[in-house]
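Single-structure report; data block below.
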Amino acid sequence: MLRFRSILIAALFAAFAPFAVFAQTSGAEASAAPVSTAVSGKITAVPFRAGTILSAEISKQKPSFDVESEFDKPAIDNPAWIELIVKLDNGRSISRFDYEIVGKNGTYSCFAVAEGADGYSTDPEKWIIKKPHPLKYYRLLFPVRQDEIAAAKRELLPVTLKVKLYETTLAPASFQVRVMPEGYNFTRVSSVRPEGICNMTYKEAFESGN
């Protein structure tokens, strides 16, 4: 079954990957997005190659999937999950093949992407968001080892987001992921402020009056 799954993923990746590479590499390098700073002095909106990261969280709670497949599962058993909420720059697209996160205990590929509050999906038609809406937010999901949560300090886990498919002169985006309280799901897209809530603990983001 694992061999069949690997062949399936490789074949579909070969078919879809050129679209993602073209969308990310066409035209000149995008200039860095503006950086938002909270009253606390923390950078709350972090630029990355395709836009701006507005929220970053890690939780043991698995997010909702509209479609799942026994042939397309995370490589990690019983993972924790990191979710990024991003706003894309004009002319950019995004896919599950583009990025990986480097944590304290490993490097993890993106597993799924979704628009707004939509559920995630392993349907190949949902692997690439080819025509993003300029006013919508997008979500990237990374299954990670559960011991990444234990590596966090003061409820924040330092990570780096790297481009996966090709070399780039742009530096990777480094930031801190918010550890969600035990039993909490990820923050809803509608609760993410335009200035961002990156690099903030749950208390700082939602309980301190910011």
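A few points about this structure:
- Local electrostatic count at Ser93 - Lys and Arg +1, Asp and Glu -1, tallied over other residues with Cβ under 11 Å: +1
- Linear extension gain, Glu195 paired with Thr169, 0.36 nm per residue minus alpha-carbon span: 6.7 nm
- Ordered from largest to smallest accessible area (heavy atoms of protein chains, 1.4 Å probe), the residues Tyr166, Tyr120 come out as Tyr166, Tyr120.
- Portion, in percent, of the accessible area of the stretch 102-181 that falls on carbon or sulfur, probe 1.4 Å: 50 percent
- Modelled this way, with points 7 Å down the Cα-to-C-beta line, the labels at Asn105 and Ser69 are 2.9 nm from one another.
- Taking Lys and Arg as +1 and Asp and Glu as -1, the other residues whose beta-carbon sits under 12 Å from that of Leu161 total +1.
- Per-peptide average of other Cβ atoms within 10 Å, ordering 60-67, 177-184 highest first: 177-184, 60-67
- Here the peptides 111-119, 150-158 are ranked by packing, the mean other Cβ count within 10 Å, and the order with the highest first is 111-119, 150-158.
- Checking the Cα-Cα distances for Lys130/Lys203; Lys126/Lys203; Lys60/Lys87; Lys42/Lys87; Lys62/Lys126; Lys73/Lys162 against a 30 Å cut-off, the pairs over it are Lys130/Lys203; Lys126/Lys203.
- Lys, Arg +1 and Asp, Glu -1 on Cβ, resulting dipole of the stretch 104-210 about Cα centre, debye, nearest 20: 180 debye
- Summed residue charge, Cβ within 11 Å of Asp118's Cβ, Lys/Arg positive, Asp/Glu negative: +1
- Calculated accessible area for the stretch 43-185 comes out at 46 Å² per residue, all protein chains present (probe 1.4 Å; ligands, DNA, RNA ignored).
The values are calculated or read from the model by the stated rules, or taken from the named source; none is laboratory data. What you see is a predicted model, and the numbers here were worked out from it, not measured in a lab. Cβ atoms come from the backbone with ideal geometry, glycine included; neighbour counts cover every protein chain shown. Surface accessibility is based on the protein's heavy atoms, side chains included, excluding ligands, DNA and RNA. Shrake-Rupley method; radii C 1.70, N 1.55, O 1.52, S 1.80 Å.
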